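Below: the structure, in structure tokens.
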Amino acid sequence: MAAAGGERWSLAGATALVTGGSKGIGHAIVEELARFGARVHTCSRNAADLEECHRRWAEKGLQVTVSVCDVGVRAGREELMATVKDTFDGKLDILVNNVAQVIFKSAMEYTAEECSRMMATNLESCFHLSQLAHPLLLNASVAGGGSIVHISTIATCMAVQSLSLYSSIKAGLNQLTRSLAVEWACDKIRVNCVAPGYIQTDQIKGTRRLWRNNFCESH
């Protein structure tokens with residue numbers, strides 16, 4: 001609900017799960033939701049990074065809880081959602097599927113293991129976490145029902161060198177978004193997708209020239 005006088009929106013009382021919140025886009029999403037007043041839970045594979053973020057968030061007075069999780073592993077996703085269920089008393093208002101693995105290689109260089117790992121992390125995890133979150137989102141406490149946001153990429157609608165696997169998997173995420181949006185509309189669960197362009201996070205430092213060259217060639 002928007003506050004009077006042009007003030008920021010308020011998410012006071014809302015709950016959110018953001019995957020991969022210790023760095024990059026996920027970190028920014030965690031902080032923004034928490035500043036709006038939401039209680040946020042986030043996860044990361046790196047316990048040290050996660051605890052350092054948790055300490056800084058606590059110093060800022062932000063309501064953020066954390067747990068270690070590799071979303072590329074099914075059992076890890078199930079444990080994560082069990083933690084979220086206990087933390088938020090069986091309710092969830094917002095799920096942000098942010099975690100993604102990026103490997104810059106030519107198409108001929110990807111190994112079978114890399115393909116499987118990226119598929120599990122970038123697409124399967126989003127589908128499975130959405131499934132696991134569905135019962136909690138049905139109990140959403142905010143007006144308008146629950147919300148799922150997938151983080152995709154502009155590379156799904158343009159060709160970027162050395163990103164054939166990543167962009168193809170993310171294109172699957174775009175379609176998953178459309179399908180779930182239609183299927184779960186009757187449950188008052190909104191499903192949307194955000195497709196950022198180049199953002200210089202730690203994960204893709206050193207690739208600026210690659211992205212810039214491809215943008216110039218494609219436009």
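The values are calculated or read from the model by the stated rules, or taken from the named source; none is laboratory data. Just so it is clear, the model here is predicted, and its values are computed rather than measured. Cβ placement follows ideal geometry from the backbone for every residue including glycine, while neighbour counts extend to all protein chains displayed. These accessible areas exclude ligands, DNA and RNA; they are computed on the full protein's heavy atoms, side chains included. Shrake-Rupley method; radii C 1.70, N 1.55, O 1.52, S 1.80 Å.
Leaving ligands, DNA and RNA out of it, rank GLU51, GLU79 by accessible area with a 1.4 Å probe, largest first. Numbers along the way, then the final one.
Numbers: GLU51 100, GLU79 125 Å².
Result, largest first: GLU79, GLU51.
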Legend entry - Percent of Cα-Cα distances greater than 19 Å, calculated over the stretch 12-134: 46
Inset, instruction - Amide H neighbours of ALA38 under 5 Å, at least 5 residues apart or on other chains, H built in the peptide plane: list them. - result: LEU11
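Just how large is the dipole of the stretch 87-141 about the Cα centre, in debye to the nearest 20, putting +1 at every Lys and Arg Cβ and -1 at every Asp and Glu Cβ? Don't skip to the answer; put the middle values down first.
Values: 3 positive and 6 negative charges, 14 e Å.
Here the stretch 87-141 has a charge dipole of around 60 debye.
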Legend entry - Inter-label distance for PHE127 and CYS186, nm, one decimal - labels placed 7 Å from Cα along Cα-to-Cβ: 2.1
Legend entry - Extension reserve of the SER141-VAL68 stretch, reckoned as 0.36 nm per residue once the Cα distance is removed: 23.7 nm
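What's the magnitude of the charge dipole for the chain around its Cα centre, counting Lys and Arg as +1 and Asp and Glu as -1 at the beta-carbon? Answer in Debye, nearest 20. Walk me through the numbers before you get to the answer.
On the way: 22 positive and 21 negative charges, 93 e Å.
Rounded to the nearest 20 debye, it is 440 debye.
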Inset, instruction - Would you calculate, for the chain, the mean residue ellipticity at 222 nm contributed by helices, counting each DSSP H stretch of 4 or more residues as -39,500 (n - 2.57) and dividing by all residues, to the nearest 500? - result: -13000 deg cm²/dmol
Inset, instruction - Please identify, among SER141, SER22, SER116, the residue showing maximal mean-square fluctuation in a Gaussian network model of the chain using a 10 angstrom Cα cutoff. - result: SER116
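Roll a 1.4 Å probe over the protein chains and send me the accessible area per residue for the stretch 82-136 in Å².
Result: 45 Å² of accessible area for each residue.
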Inset, instruction - For LYS60, LYS105, LYS188, write out the residues from largest to smallest accessible area, computed with a 1.4 angstrom probe and no ligands counted. - result: LYS188, LYS60, LYS105
Legend entry - Base-10 log of normalised Debye intensity for the chain (one unit scatterer per alpha-carbon) at q = 0.13 Å⁻¹: -0.77
Legend entry - Antiparallel %, DSSP beta bridges [both residues in the chain], to 5: 5
Legend entry - Nearest-0.05 FRET efficiency for SER162 and ARG45, computed from C-beta distance (R0 22 Å): 0.40
Inset, instruction - Report, to the nearest whole %, how much of the accessible area of the chain belongs to carbon and sulfur atoms, 1.4 Å probe, protein only. - result: 54
Inset, instruction - Please name which of THR87, SER22, CYS43 has its Cα lying farthest along the dipole of the chain towards the positive end, using unit charges on Cβ (Lys, Arg +1; Asp, Glu -1) and the Cα centre as origin. - result: SER22
Inset, instruction - Take ARG117, ARG35 and sort them by solvent-accessible surface of the protein heavy atoms, 1.4 Å probe, largest at the top. - result: ARG35, ARG117
Inset, instruction - Taking every pair of alpha-carbon atoms in the stretch 80-181, give the share separated by more than 21 Å as a whole percent. - result: 41
